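Data first, discussion second: the structure below is written as structure tokens.
What follows draws every value from the coordinates through simple rules; no lab data is involved. What you are looking at is a predicted structure, and each value in this text was computed from that prediction instead of being measured. For neighbour counting, all protein chains shown are included, and Cβ atoms are generated from backbone atoms with ideal geometry for every residue, glycine included.
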Amino acid sequence: MAIPDQVRADAFLTALAEFEHAGKMPGFVTIYLPNDHTQHAAKGWPTPRAYVADNDLATGRVIEALSKSMFWRDMVVFVNEDDPQTGNDHVDGHRSFCLLAGPYVKRGGAVISRFYNQDSVLHTICRIFGVRPMNQMVAMAPVMAECFQETPDTSPYVCAPANIPINELNPDPKDAPSKTQARLAPLTEKLDFSAPDRIDKQAELFSRWVWSTVRGDEPFPKGYMGAHGKGLAALGLRLDPNVVEADDD
């Protein structure tokens, strides 16, 4: 989390230029831009919104460069948000958006609300490459067919500039703009960010602090964390009382 996503984007754009010079690019590429995860409240580190702005800008720069490259006509990009999982991390596991970009992807701000999951992304990639699904879970997942169109649109993407300073740093807790933020900030400094998913058991604390950096002293929407059945009734569904939420341990 000490490396700005702009640095990672710069490294990829350098590689992309080399691919164009050579006239060929690997058939499958993974790009890691993790700063939407955010970090603790220690003074001198970026604020949560600066981390997210850094991530958004880096993602936009990568998509713009790809869309202007010689490889764009045969490309599709899947952008997954951090932590779309079942565990109670600081990003709730009930729903996570997935962004797609490419000439055959629907445009005009299209929003596809059909349920897909991470296995759907993998299954769709397998189908694109014409290979067998990786396992039974991937084979059962619905392919993301509704996200695509038959007629390609190769017009390039133009990245929007950041409207939040990506170098904005955490204030000293005593100077925090809200009482909630000032109270929670010191507690987050004890959390372990040395590797992914080490703060799961303190997820609510971290979520409350991130909320306070944006919403101040407004009540934290705890009812939407963890297992809940909000919205199920409208779909004619209900929670199974015999199913207990899995423990990560």
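In what sequence do 169, 16 fall when counting other Cβ within 10 Å, fewest first? Let's see the in-between values first.
Working: 169 12, 16 18.
With the fewest neighbours first, 169, 16 line up as 169, 16.
Going by alpha carbons, how many degrees (0 to 90, nearest 10) lie between the helix axis of 48-67 and the longest principal axis of the chain?
The angle comes out near 0 degrees.
Would you mind ranking 208, 215 by Cβ crowding within 10 Å, fewest neighbours first?
Numbers: 208 19, 215 14.
Sorted ascending by nearby Cβ count, the order is 215, 208.
Could you pull the Rg and Dmax for the chain, using just the Cα atoms, both in Å?
Values for the chain (Cα only, Rg and Dmax): 20.3, 59 Å.
Can you give me the long-range amide H partners of residue 189? Hydrogens built in the peptide plane at 1.01 Å from N, cutoff under 5 Å, separation of 5 or more residues or another chain.
Result for residue 189 returns 41.
With angles folded into 0 to 90 degrees, how steeply does helix 118-129 sit against the dominant principal axis of the chain? Use alpha carbons for both and round to 10.
10 degrees
Less than 15 Å Cβ to Cβ from residue 164, Lys/Arg counted +1 and Asp/Glu -1: what total charge do the surrounding residues give?
Taking every Cβ under 15 Å from that of residue 164, the sum is -4.
Only helical DSSP H runs with n ≥ 4 go in: add -39500 (n - 2.57) per run for the chain, normalise by residue count and round the 222 nm mean residue ellipticity to 500 deg cm²/dmol. Don't skip to the answer; put the middle values down first.
Values: 6 runs with 78 residues, N = 249.
Theoretical 222 nm ellipticity from helices: -10000 deg cm²/dmol.
Putting +1 on Lys and Arg Cβ atoms and -1 on Asp and Glu Cβ atoms, find which of 213, 196, 182 reaches farthest to the positive end of the dipole of region 173-218.
182
What does the charge add up to near residue 53, with Lys and Arg as +1, Asp and Glu as -1, over the other residues with Cβ less than 12 Å from its Cβ?
-4
If all Cα-Cα distances of region 1-56 are sorted into 5 Å bins from 0 onward, what percent lands in each bin, rounded to whole numbers?
4, 18, 23, 17, 13, 11, 7, 5, 2, 0
Placing one identical point scatterer on every Cα of region 150-227 and ignoring solvent, what is log10 I(q)/I(0) from the Debye formula at q = 0.16, 0.28 Å⁻¹?
-0.74, -1.33
Could you work out which residue, out of 186, 171, 221, moves most in a Gaussian network model of the chain, that is, has the largest mean-square fluctuation with Cα springs under 10 Å?
Checking each option, the largest mean-square fluctuation is seen for 221.
Which of 14, 124, 188 moves the most in a Gaussian network model of the chain with Cα springs under 10 Å?
Result for the chain, Cα springs under 10 Å: 14 fluctuates most.
Write down the radius of gyration of region 173-218 and its Dmax, each obtained from C-alpha positions, in Å.
For region 173-218, the Cα radius of gyration and maximum Cα-Cα distance read 10.9, 31 Å.
Just report the Cα centroid separation between region 109-141 and region 172-202, whole Å.
Between the Cα centres of region 109-141 and region 172-202 lies a distance of 36 Å.
Short version: ³J(HN,Hα) in whole Hz for each residue of region 174-181, in order, from phi by Karplus 6.51 cos²θ - 1.76 cosθ + 1.60 (θ = phi - 60°), x for Gly and Pro, what are they?
5, 9, 4, x, 9, 5, 5, 5
Provide the per-residue ³J(HN,Hα) series for region 189-196, in order, calculated from phi with Karplus coefficients 6.51, -1.76, 1.60 and θ = phi - 60°, each as a whole number of Hz, with x at glycine and proline positions.
Per residue, the Karplus-derived 3J(HN,Hα) values read 5, 8, 6, 8, 9, 6, 7, x Hz.
Long-range amide H contacts for residue 31: which residues qualify at under 5 Å (H placed 1.01 Å from N, peptide plane, sequence gap of 5 or more or a different chain)?
none
Rg and Dmax of region 5-147, Cα atoms, in Å?
Rg, Dmax (Cα atoms, Å): 16.6, 50.
First select every other residue whose beta carbon is under 13 angstrom from the beta carbon of residue 185; then total the charges, Lys and Arg +1, Asp and Glu -1.
Net local charge, residue 185 excluded: +3.
About its Cα centre, how strong a charge dipole does the chain have in debye, to the nearest 20, once Lys and Arg get +1 and Asp and Glu get -1 at the Cβ?
Numbers: 24 positive and 33 negative charges, 91 e Å.
For this selection, approximately 440 debye.
Over the chain, with a Gaussian network built from C-alpha contacts below 10 Å, which listed residue (195, 139, 11) shows the highest mean-square fluctuation?
Ranking 195, 139, 11 by mean-square fluctuation puts 195 first.
Give the angle, between 0 and 90 degrees and rounded to the nearest 10, that separates the Cα long axis of helix 5-22 from the longest principal axis of the Cα atoms of the chain.
10 degrees
Starting at the first residue of region 108-113, write each ³J(HN,Hα) from the Karplus equation 6.51 cos²θ - 1.76 cosθ + 1.60 with θ = phi - 60°, in whole Hz, x for Gly and Pro.
x, x, 4, 10, 9, 9
Suppose every K and R has +1 on its Cβ and every D and E has -1 on its Cβ; what is the size of the dipole of region 5-147 about the Cα centre, in Debye to the nearest 20?
Working: 13 positive and 16 negative charges, 88 e Å.
Using Cβ point charges on Lys, Arg, Asp and Glu, region 5-147 gives about 420 debye.
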